[in-house]
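> Below you'll find the structure I mean.
The values are calculated or read from the model by the stated rules, or taken from the named source; none is laboratory data. From a predicted model like this one, the values you see are computed outputs, not experimental measurements. For neighbour counting, all protein chains shown are included, and Cβ atoms are generated from backbone atoms with ideal geometry for every residue, glycine included.
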Amino acid sequence: MMWRSSAGSLWGRSLLLTIRCFSKIKKRYLGETLFFCTFENLFRQVFIMVLNYIWIAFFVVAFVLGLVRLVFFGDTGVFPLMMRSTFEMAKTGFEISLGLTGVMTLWMGLMRVGEKGGIVELMSKAVGPLFRRLFPEIPKDHPAAGSIMMNIAANMLGLDNAATPLGLKAMTQLQEINPEKDTASNAMIMFLVLNASGLTIIPVSIMVYRAQLGAADPSDVFLPILLATFCSTLAGLLSVALIQRINLLNKVVLAYLGTLTLLVSGIIWYFSTIPQDRIETLSAVSANLILFGLLIAFIILAFFRKVNVYEAFIEGAKDGFSIAIKIIPYLVAILVAVGVFRVSGAMDFVVGGIGRIVAVLGIDGEFVKALPTAFMKPLSGSGARGLMVDAMKQFGADSFVGRLSCIFQGAADTTFYIIAVYFGSVGIRKTRYALTCGLIADFAGTLAAVFIAYQFFR
C-alpha cells in the first residue's frame with residue numbers, strides 16, 4: 001500500500017509539474033491562439049519522453065539479465081538469441097505495418113463515409129438527454145455541451161482525428177465557465193474520465209492487427225471489447241458521479257444506464273449458460289452482423305445526405321494509407337525492445353512472479369501472460385499496441401492470451417496522456433480526483449476484460 005501511495009503521488013507530482021511548466025510557457029511565450037494549436041504537440045513530446053525511459057529500460061534490463069545468465073549460469077546462447085530477436089522483430093514490425101495498408105485503407109474510407117453522413121451528430125443527439133444530467137454545471141444551450149457530445153461520439157467510432165480537436169475545444173469552452181481557472185471543475189473531470197475510459201463501439205485498429213496476424217475471424221473480439229469498455233466507462237462515470245453527488249436516481253439517467261447495464265449483464269449471463277463452441281459461433285455471427293449493419297447504415301446515411309459516397313471513401317482511404325506507413329518506425333521500435341526484453345527472460349520473470357501469486361490463490365493464471373498490455377495501456381498507446389502484437393505473435397492471434405491482449409487494448413485509454421493534454425491545454429494545475437477516477441475506470445476495464453475473456457474464449 002505504501003508503494004502504491006508513493007508511486008501514485010510521484011505520478012501526481014510529475015503530472016502537476018508538467019502542467020505548471022507548460023502553463024508558464026503559455027503565459028510567457030505563446031498567445032492564446034498559437035497555444036491552442038500547438039499544445040497537443042508539446043504534451044506529445046512530454047509523453048514521448050516517458051515512453052523513451054520505458055524503451056531504454058527494456059534494453060538495459062535485458063542486457064543486465066543477459067550478463068547474469070552468461071556470467072553466473074554459463075548461458076552462452078542468450079546474447080546470440082537477443083541479437084537474432086532484434087532482426088526478427090524488426091522484420092516482423094515492417095511486414096505487419098506493410099500488410100496493414102490495405103485493411104487500414106478500407107476501414108478509414110468507410111469511417112469517413114460515416115463521418116460525412118452525419119453519424120457523429122446522430123449519436124450526439126442520442127446521448128444528449130443523459131449528458132445534460134451528467135453535466136449539471138453547464139448552462140442550457142452552452143456550446144460546450146455540443147462539443148462534449150461530439151467528442152464522445154467521435155471517440156466511440158474511433159475517429160481520433162476528429163475527437164481530439166473537439167475535445168480540446170470542449171475544454172476551452174468549459175474553462176470559460178470555470179470560476180477557478182487553475183482548478184478542474186466538476187464538468188471537466190467528468191468529461192476527462194469519460195474520455196480516459198475509452199468507450200469504443202468499433203475497435204478498427206485492433207481488428208486490423210488481428211487480420212494481419214492471421215486471425216481466423218479478426219472481429220471475434222468485437223463483442224468482448226464492447227462489453228469490457230462499457231464496464232470501464234460505467235465504473236468511471238459512477239465514481240465521478242458519487243463524488244460530485246450527481247443524482248443517479250433521475251429517471252433519465254436510470255433509463256440510460258439501467259437499460260445498457262441490463263443489456264450487457266444479459267449478454268454476459270446468456271453466454272455463460274451455453275457451451276463454448278456455441279459461444280464462439282454466436283459471438284462471431286453477432287459481431288460481424290453488427291459491424292456490417294453499421295457500415296450499411298453509414299452508406300445509407302451518406303446517400304440520403306447527398307454525399308458522394310465513393311469520393312468520401314477515397315478521401316478517407318488516403319488517410320488510411322498514410323497512417324499505415326507512418327506507424328512503421330513506431331511498431332518496429334517497440335517490437336524490437338519487447339523482443340529482447342522477452343528473450344532475455346525478463347518478461348518471464350515478471351509474468352512468472354505474478355503467475356505464482358495467482359496460483360497460490362487457486363486461480364487459473366493463463367490471463368497473466370496478457371497483463372503487460374494492460375499495465376502499459378494507461379501510460380502509452382503505442383507501447384501497449386506493441387505488447388498486444390507481441391502477444392499475438394508469440395501465442396497466436398486466436399489464442400486466449402492473444403485475444404485477451406486485444407481486449408485489454410480496447411478496454412481503456414491512455415489515461416495519463418489524456419489528462420495531461422486536456423488539462424494542460426487550459427492551464428489547469430489542480431486536477432483534484434480526475435486521475436484517481438480515471439485509474440478506477442482502467443482497473444474496472446481490466447477486471448472486466450479478464451472475466452469476459454474467460455466467458456467467451458475458455
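Residue by residue, here is whether (1) under 28 Å from LEU166 (Cα atoms); (2) modelled with pLDDT under 85 holds:
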{"position": "LYS377", "(1), (2)": "yes, no"}
{"position": "GLY386", "(1), (2)": "yes, no"}
{"position": "ASP390", "(1), (2)": "no, no"}
{"position": "PHE395", "(1), (2)": "no, no"}
{"position": "ASP398", "(1), (2)": "no, no"}
{"position": "CYS406", "(1), (2)": "yes, no"}
{"position": "ILE419", "(1), (2)": "yes, yes"}
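> If you scan the stretch 393-417, which residues turn out to be assigned to a helix (DSSP H, G or I) and surrounded by fewer than 24 Cβ atoms within 10 Å (Cβ to Cβ)?
Passing the criteria: LYS393, GLN394, PHE395, PHE400, VAL401, PHE416, TYR417.
Each row is one residue, and each column tells you yes or no for (1) surrounded by 14 or more Cβ atoms within 10 Å (Cβ to Cβ); (2) among the small types (Gly, Ala, Ser); (3) in contact with a His (Cβ under 8 Å, 6 or more places away or on another chain).
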{"position": "ALA284", "(1), (2), (3)": "yes, yes, no"}
{"position": "ASP319", "(1), (2), (3)": "yes, no, no"}
{"position": "TYR330", "(1), (2), (3)": "yes, no, no"}
{"position": "PHE341", "(1), (2), (3)": "yes, no, no"}
{"position": "ILE363", "(1), (2), (3)": "no, no, no"}
{"position": "ALA370", "(1), (2), (3)": "yes, yes, no"}
{"position": "ALA374", "(1), (2), (3)": "yes, yes, no"}
{"position": "LYS377", "(1), (2), (3)": "yes, no, no"}
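> Return yes when MET123 is aliphatic (A, V, I, L, M), touching a residue at least 12 places away in the same chain (Cβ under 8 Å), surrounded by 17 or more Cβ atoms within 10 Å (Cβ to Cβ) and in contact with a Gly (Cβ under 8 Å, 6 or more places away or on another chain) and no when it is not.
For MET123, the condition - aliphatic (A, V, I, L, M), touching a residue at least 12 places away in the same chain (Cβ under 8 Å), surrounded by 17 or more Cβ atoms within 10 Å (Cβ to Cβ) and in contact with a Gly (Cβ under 8 Å, 6 or more places away or on another chain) - is not met.
> Is one or more of the residues making up the stretch 294-310 assigned to a loop (DSSP other than H, G, I, E, B), touching a residue at least 40 places away in the same chain (Cβ under 8 Å) and surrounded by fewer than 16 Cβ atoms within 10 Å (Cβ to Cβ)?
Yes, there is a match, as at least one residue in the stretch 294-310 is assigned to a loop (DSSP other than H, G, I, E, B), touching a residue at least 40 places away in the same chain (Cβ under 8 Å) and surrounded by fewer than 16 Cβ atoms within 10 Å (Cβ to Cβ).
> Looking at (1) within 12 Å of the chain's Cα centre (by Cα); (2) under 22 Å from THR92 (Cα atoms), can you tell me which one LEU379 breaks?
Here LEU379 meets the rest and fails (2).
> Taking only pairs six or more apart or across chains, which ones have beta-carbon atoms under 7 Å, a first residue in the stretch 362-374 that is within 17 Å of ASP348 (Cβ to Cβ), and a second residue that is buried (at least 23 other Cβ atoms within 10 Å of the Cβ) and of a type in the set (Ser, Thr, Tyr)?
Once the first residue is within 17 Å of ASP348 (Cβ to Cβ) and sits in the stretch 362-374, its partners that are buried (at least 23 other Cβ atoms within 10 Å of the Cβ) and of a type in the set (Ser, Thr, Tyr) give ALA370/SER405; THR373/SER405.
> May I pose another question? Quick check on the stretch 174-185: of everything there that is surrounded by fewer than 20 Cβ atoms within 10 Å (Cβ to Cβ) and among the polar types (S, T, N, Q), which residue is nearest to PRO143 (Cα to Cα)? Walk me through it before giving the result.
First, the residues of the stretch 174-185 that are surrounded by fewer than 20 Cβ atoms within 10 Å (Cβ to Cβ): 175-183.
Retained after the next criterion (residues that are among the polar types (S, T, N, Q)): 175, 178, 183.
Values: GLN175: 12, ASN178: 14, THR183: 21 Å.
The residue in question is GLN175.
> Ok, one more. Picking from VAL127, VAL103, VAL120, VAL113, which residue would you name as being under 20 Å from GLN244 (Cβ atoms), in a helix (DSSP H, G or I) and of a type in the set (Val, Ile, Thr)?
Among VAL127, VAL103, VAL120, VAL113, only VAL127 is under 20 Å from GLN244 (Cβ atoms), in a helix (DSSP H, G or I) and of a type in the set (Val, Ile, Thr).
> Is there any pair with a first residue in the stretch 426-442 that is on the phi > 0 side of the Ramachandran plot and a second that is assigned to a helix (DSSP H, G or I) whose Cβ atoms are under 7 Å apart and which are 6 or more apart or on different chains, and what are they?
GLY427/SER23; GLY427/LYS26; ARG432/ILE189
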